Amino acid sequence: MYRVLLVDDDPHLQAANRAYLEREGYEILCAFNGEEALRLASTARLNAIVLDVDMPGPDGVTVCRRLREVSSVPILFLSAYAETDDRIRGLLAGGDDFIAKPYSLMELELRLRLHIRRAENQAGSKDMLRFGTLTIDPALREVRNEGKAIPFTALEFDLLAFLAQHPGQVFSYEQLYDRVWREPMNCGLHNIQVCMARVRQKLDRLCPGQCFIETVRRKGYLFRAERTAATAAPTPAQTATPASASAPCPAGESCSGLSGAETAGPEDA
């Protein structure tokens, strides 16, 4: 049985969500403010968290950011605001999904199940990935360099682990949505760019000066096994599709953080 923490200051919405998810076989814990959510998350073993953005005290984005310091549990945001800036703010804080109110309870449950199963599937791959001093552990869902670890969200870890399991291959945005998100991309190009930017920023903090993930302009992303951005020469990459081609980090683009591809619109990516 999956255990899910619902966090919302609206008791009527909490009751409706809880009743539906319990009928679907979930074990539900409830919190009505951010501090209570943090307390429960620190003591209970959870499979996912459904987190309202607008709450008294620490809001959902703040709670998510604090949770990400210690946990990679999938986090789904609920919000009455569906503006792009709000969604990006939630994703940058470490959220894995964003559902606008009003929403279908069936959709909420389906999205929960998708994220929980994705986390389980990633954990099912036991082979440790090693690239010099960088280790990616799918079983523990940890990323370490020389003993130092930085927490990755469930979605960030899934993206990194997938690319690292296929070093030298270029994967398009559509392929990553299909194989990692496991849902159609639709208009979510910017979501994957934001998430990939967070992955690169964390890798840069963990392994300064090394470029593991490259943007192949107009194609997608590839993972290079232990390449120092300043000194290593590029090597030919196997492409995931016949039209794909690899390239070193282009001039004017950063190998970590927000690159040109992350900030470009779909017509430029």
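FYI, it's all coordinate maths here, none of it is from the lab. Predicted, not measured: the structure shown is a model, and the values here were computed from it. FYI the Cβ positions are ideal-geometry reconstructions off the backbone, even for glycines, and counts take in every protein chain you see.
The packing ranking of peptides 96-106, 29-39, highest mean first, is 29-39, 96-106, where packing means the average number of other beta carbon atoms within 10 angstrom of each residue. The calculated FRET efficiency for the pair LEU13 and VAL70, based on their C-beta separation and a Förster distance of 30 Å, comes to about 0.65. Here each label is just a point 7 Å from Cα along the line to Cβ, and for LEU110 and ALA149 those points are 3.5 nm apart. Close amide H partners of ASP97, meaning residues 5 or more places away or on another chain with modelled amide H under 5 Å apart, are ILE75, PHE77. Each of THR84, THR215 was scored by other Cβ atoms within 10 Å of its Cβ. Listed from fewest to most, they are THR84, THR215. From most to least packed by mean Cβ count within 10 Å, the peptides 48-59, 137-148 give 48-59, 137-148.
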